[in-house]
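**Student:** I have a structure here, written as structure tokens, and I will follow up with some questions on it.
Every number here is computed from the coordinates shown, using simple stated rules; none is lab data. Since the structure is predicted, the reported quantities are computational estimates derived from the model, not experimental observations. Note that we place each Cβ from the backbone using ideal geometry, even for glycine, and neighbour counts take in every protein chain shown.
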Amino acid sequence: MKRVAGRKVGRLVRASVMALAVVMTVGAMAAPAFADALAVSDILLSNLLFTNGTRTLAATDFTALTFTNSAQVTATLNGASATNSCPGGVGCAPTPSPIDLYACAPGSVGCPANNTYPFTGPPAVTSFALADQNESGAPITGITGVSTPATVNAGSYASIVGGGAGNSTSQNGLSSTFIFTLASATAVTINFNAQEYLDAWTAAGQIFPTNALSSTTVCFTVTPVGGTTPIINWCPDGSSTPGTGADLGITASTEPFSLNQNASRNAPFNGNTQFGPSTGSFSGTTIVLAAGTAYQLSAVETATATALEVVSEPGSLMLLGAGLLGLGTTFTLRRRKKSE
């Protein structure tokens, strides 16, 4: 009987030791040496002009014209945030122009310098969150103290590197509003050059819910003052056929690529999703706008980036294995006492 009991005890001990080894091995496999995620969103507009088909519109083409800008940037790293806004924000000149906003989250290491907008790619090197924005000039001529044409740049960056859970987010938004009345009926063509870059990356070995997401938005909307229904809505999506996609009230357009898209990666489907850098010239011609009618034109540009990383916890797996070993040892001692 003692030999049989001893063999059973031996098997239990060996099984417990094996369980400990397996659990610790699984823990080591599930937890990479580092856990990285990166998201980048750049949308850069330049030479933004409003024309009537033959020349750039001037202040004298309007019987009434006012415009204002509203902008805000926010960057957050592991719960600590930096925010800058306009009007009234630090580093923000009086509207309508220029606007220069920069927010690098507390605790960040390696934020790109103000107004540089790098097309950063993987791998992530440091942990940081940055939102950067600059707007200057005007799309029409003849506005005192404002140069022509307009430049509107926005960049959002979120990067996470480390061995524990963390998150990095960047929100970047600009809304320009023009309230105008034309002296003569005319169609308006919106012209600009654009550069766009999107990147979303998660390192090999990442586990759910680690993810990276970046996105851009560029839209122009015209609504009669006092009305609620837009008569023009142009969000360039890469389709140059009038009346399709996101075009409303656009009779002709040139859209070499979409300015309204996102890139994403979600563990365990790790890797890199990248769009661009893309460069091209855009134009959208509206339906004829009536003379003497007040309109409101809203131009919106956003860039967002989010990087979240979560790693497995080998410590808890090791505790589980130690518990199994302890259970087997306790059972062994009890059986030994009974056999004696």
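**Student:** For every other residue with a beta carbon closer than 12 angstrom to the beta carbon of GLY284, add +1 if it is Lys or Arg and -1 if Asp or Glu, then tell me the sum.
**Tutor:** Working: positive: none; negative: ASP237, ASP247, GLU255.
Net of charged neighbours comes to -3.
**Student:** If you don't mind, another one. Tell me, what HN-Hα J-couplings in whole Hz come from the Karplus equation 6.51 cos²θ - 1.76 cosθ + 1.60 at θ = phi - 60° for each residue of the stretch 297-302, using x for Gly and Pro?
**Tutor:** 9, 10, 10, 10, 9, 9
**Student:** Measure out, as a whole number of angstrom, how far apart the alpha-carbon centroids of the stretch 100-170 and the stretch 200-222 sit.
**Tutor:** First find each Cα centre; the distance between them is then 16 Å.
**Student:** Roughly how many debye, to the nearest 20, is the charge dipole of the stretch 32-311 about its Cα centre, given +1 on each Lys and Arg Cβ, -1 on each Asp and Glu Cβ, and no other charges? It would help to have the intermediate numbers written out before the result.
**Tutor:** Working: 2 positive and 13 negative charges, 38 e Å.
For the stretch 32-311, the charge dipole is close to 180 debye.
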